[in-house]
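Here the structure is laid out as structure tokens; the discussion comes afterwards.
Bear in mind these aren't lab numbers, they're just calculated from the coordinates by the rules spelled out. Remember, predicted model here, so these are calculated numbers, not experimental data. Don't worry about glycine lacking a Cβ; one is built from the backbone with ideal geometry, like all the others, and counts go over all protein chains shown.
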């Protein structure tokens, strides 16, 4: 309308997509969940939610007389445990989250990886340990997920995938998040928000004010060498850089308040 | 290509849509379910599946120490029972059906009425009996369901809806079927297939060869007067005629073999 000629060759900007992951600590606390779902609903633009399951499944399993089997501190998903996980993650948690999001005018649609054939996994091969019905993500259908997004639905994934041959598989929610993000990066400028208990990656685990606000591939090496990234944070960060090398735009780690515009006290990770 | 002029004004034929409902008897028997899912997968054209839950929920509830409350022979859905229903129908049954359909190359997507805001209900008002968290269908979003169908997904509904305010509600699967069918009739020539234990409406309950192959609004009155439609069949047939008056094209009642082309020994109901 200004009469100015628009430049003809303008690099087409990809639309933004946010993928938010919440863990059991938020899922299990009704008040925290309600606060989070409001923040998530208010998040502008296209988005996806991924949720873990938390201890509810263990609790219900034990009530049903199903023992949690652990080998070397790692949980084994036998057939009975998979049934409970399917009930709790895929049913109870997922459908209640969807209903609550609908009440907040977010048109959510709850999914396992079997739904819309969105995430296929391989049953983890038995080496030293037989993990049972656990899946390692093989293929994310970004086109299937995008059909839902284009129809203005907000996908809500639980931590279950399938092998394409009728078998559901228990799958790590962090991995689902990063793999879905890598897949969606073909179509969108995709950012991940990992919400967890900490406010971010801390220089000093005892000092909540020591958040490392930005990590890139250079500072990452430095933090590794200094032992600041260690233990449980190590696989998380490795997972993050895999996702970034896979095309994800940026990854944010912190508690749920990072979803508000006011808070910048969290860790942003880029290449 | 033949050079003939096609008539310009041809009434646009609506595309066909089949809505198939299966009950607990099929859901609970793995072999029957597998046979049915193959038939359903082979069904040509656009389709929707609606499944009930069966006795699995009651069984798991009792294991969890939740008593099934009945008043005047009718089940009451208290908060604990709703949780079990959400786990079993929305999780265990729905997600396993979806995974099995994927293995049969049917791109299924499992839904409650909360997902995609597809089916809204009113919590049943308390009169003589407080049924608890039971929903009476208020609104089917045929546009939301059609977005999924247009994206080549096959919706698989369990018997749960929501009130739009964050509350899931236990809802009769037959009613979901007929209400979804009425909604979809705005866009498709919609047929319902109610699969149940009987091979159809029988003239003589003791004679399996006495199937009434066609019921319309005239013969319906006749069958009512003769007492052939009575007891449990009465509300089912009333429900059918409500759906037909609501725009549904035709309704078929029989066992799952009616989904094959070879079998015509079932009851077809039209206006």
Inset, instruction - State, to one decimal in nm and shortest first, how far the label point of residue B:261 sits from each corresponding label point in the other identical copies (label point: 7 angstrom along Cα-to-Cβ). - result: 6.1
Inset, instruction - Could you tell me which of rounded, prolate or oblate describes the range A:16-195, using a ≥ b ≥ c as the square roots of the eigenvalues of the alpha-carbon gyration tensor, with rounded for a/c under 1.5 and, failing that, prolate when a/b is larger than b/c and oblate otherwise? - result: oblate
Inset, instruction - Using the number of other C-beta atoms within 10 angstrom as an exposure proxy, rank B:216, B:204, A:115, A:163 with the fewest first. - result: B:204, B:216, A:163, A:115
Inset, instruction - Please determine, in degrees from 0 to 90 and to the nearest 10, the orientation of helix A:173-184 with respect to the longest principal axis defined by the Cα atoms of chain A, where the helix direction is its Cα long axis. - result: 40 degrees
Inset, instruction - Report, for residue A:226, each distance to the same residue's label point in the other copies, shortest first and in nm; define the point 7 Å along Cα→Cβ. - result: 9.0
Legend entry - Candidates A:94, A:122, A:206: whichever shows maximal mean-square fluctuation once chain A is modelled as a Gaussian network with Cα springs under 10 Å: A:206
Legend entry - Residues residue A:216 and residue A:15, FRET efficiency given R0 of 35 Å [Cβ-Cβ distance, rounded to 0.05]: 0.90
Legend entry - chain A: most fluctuating residue of A:14, A:87, A:184 per GNM, C-alpha cutoff 10 Å: A:14
Inset, instruction - Round to a whole angstrom and tell me the spacing of the C-alpha centers of the range A:84-156 and the range B:132-146. - result: 23 Å
Inset, instruction - Specify the residue with the greatest mean-square fluctuation among A:230, A:159, A:57, computed from a Gaussian network of chain A linking alpha-carbon atoms under 10 Å apart. - result: A:230
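Could you list A:112, B:270 so that the one with the fewest beta carbons within 10 Å of its beta carbon is first and the one with the most is last? Intermediate results must be reported in sequence, preceding the final value.
Values: A:112 29, B:270 15.
Taking fewest neighbouring Cβ atoms as first place, the list is B:270, A:112.
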Legend entry - Nm distances between copies for residue B:67, ranked from closest, using label points 7 Å along Cα→Cβ: 3.2
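Sorting A:100, A:268 on the 10 Å Cβ count, fewest up front, what's the list? Walk me through the numbers before you get to the answer.
Values: A:100 25, A:268 19.
Lowest count first: A:268, A:100.
With each run of n ≥ 4 DSSP H residues scored as -39500 (n - 2.57), what mean residue ellipticity at 222 nm is computed for chain A after dividing by its residue count and rounding to the nearest 500 deg cm²/dmol? Working shown, then result.
Details: 9 runs with 86 residues, N = 271.
Result for chain A, helices only: -9000 deg cm²/dmol.
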Legend entry - Contact order normalised by residue count of chain B, Cα under 8 Å, 6+ apart, percent: 20 percent
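Out of all DSSP beta bridges in the protein assembly as shown, what portion is antiparallel? Express it as a percent rounded to 5. Before the final figure, lay out the partial values.
Values: 30 of 86 bridges.
In the protein assembly as shown, DSSP labels about 35 percent of beta bridges as antiparallel.
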Legend entry - the range B:51-125, relative contact order in percent, only Cα pairs under 8 angstrom and at least six apart counted: 22 percent
Inset, instruction - Grab the beta carbon distance between residue A:186 and residue B:76, set R0 = 56 Å, and tell me the FRET efficiency rounded to 0.05. - result: 0.65
Legend entry - Nearest-ten-degree value, helix B:233-245 long axis tilted from longest Cα axis of chain B: 50 degrees
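Percent relative contact order of the range B:102-162, based on C-alpha pairs within less than 8 angstrom and at least six residues apart? Show your work: numbers first, answer last.
On the way: 92 pairs, mean separation 28.5, N = 61.
Relative contact order, the range B:102-162: 47 percent.
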Inset, instruction - Compute the long axis of helix A:30-42 from its Cα atoms, compare it with the longest principal axis of the Cα atoms of chain A, and write down the angle in degrees, 0 to 90, nearest 10. - result: 30 degrees
